1. Among the numbered conditions (1) in contact (Cβ under 8 Å) with a residue 60 or more places away in the chain; (2) surrounded by 13 or more Cβ atoms within 10 Å (Cβ to Cβ), tell me where Trp111 comes up short.
2. Can you find, within the range 24-82, the residue that is surrounded by the most Cβ atoms within 10 Å (Cβ to Cβ) among those that are of a type in the set (Ser, Thr, Tyr) and either at positive phi or in a strand (DSSP E or B) (or both)?
3. Could you list, in sequence order, the residues of the range 1-38 that are of a type in the set (Lys, Arg) and either modelled with pLDDT of 75 or more or closer than 23 Å to Asp70 by Cβ (or both)?
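The values are calculated or read from the model by the stated rules, or taken from the named source; none is laboratory data. This one's a predicted model, so the numbers in the text were calculated from it and none came from an experiment. When we count neighbours, we look across all protein chains shown, and the Cβ atoms used for this are built from the backbone with ideal geometry, even at glycine.
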Amino acid sequence: MTTDTAARALPDQPDGIDEYSSDLPDSHRAAERVGEWIAAWGDGLIDTADGHPLYARDLEALRRAVPAADAYATARRVAAWLATTNGSGRDQQTLQILKVTEEAGEVASAWIGTVGQNPRKGITHTTDDVADELADVVLTALVAIAGLGLDPQRVVGNCVAKVAARLNAAAPSRPHRDEAPLDRPVVDVHLPAADIPA
């Protein structure tokens, strides 16, 4: 069978999806196909349609975004599981929100252990530990958002768009902390580790 014949034998749409539907394929399978295609094609410009270029790296960037999308799906699954197990009333929503604060406390604890702020314990954590705890905060917050009956991907997307708009707006430059105006001295509230009770 020639390559042309093999290509004609392939379905018009992936994963048995009807070409007249708006359904999308499984994101993992789609990412696998994109990865295989890029491996065969290589780097560089793929095509241009009416002056709009498409690059292999564009597809690779989208392929790498799949795990991020999975975080939202996982958050929705966890929220659904918690609702089935513990109920979905105000009390459960409150506990999910408080859980974010609990996880944030673990971030603080890990950072204290990373810098060795507690002289009795010394260095007990690494920056990888801090990053892991921060990731727990992120996922826990996504679960709490889903627990409120909202779409965490939409909520985070709106938040990111607002922050991006602020970054894109022309903002007046502010003095660096070490370059405070003369009429307002910088106050350093840092205490030596030895002065902090264990």
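1. Just one mismatch for Trp111, condition (1).
2. Step one: list which residues in the range 24-82 are of a type in the set (Ser, Thr, Tyr), which gives 27, 48, 55, 72, 74.
Narrowing further to those that are either at positive phi or in a strand (DSSP E or B) (or both): 48, 55.
Values: Thr48: 9, Tyr55: 13.
Applying the filter and picking the extreme gives Tyr55.
3. We begin by selecting, within the range 1-38, every residue of a type in the set (Lys, Arg); these are 8, 29, 33.
Scanning the range 1-38 gives Arg29, Arg33.
Residue by residue, here is whether (1) assigned to a helix (DSSP H, G or I); (2) of a type in the set (Val, Ile, Thr) holds:
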site	(1), (2)
Thr101	yes, yes
Trp111	yes, no
Val130	yes, yes
Leu134	yes, no
Leu139	yes, no
Ala144	yes, no
Gly149	no, no
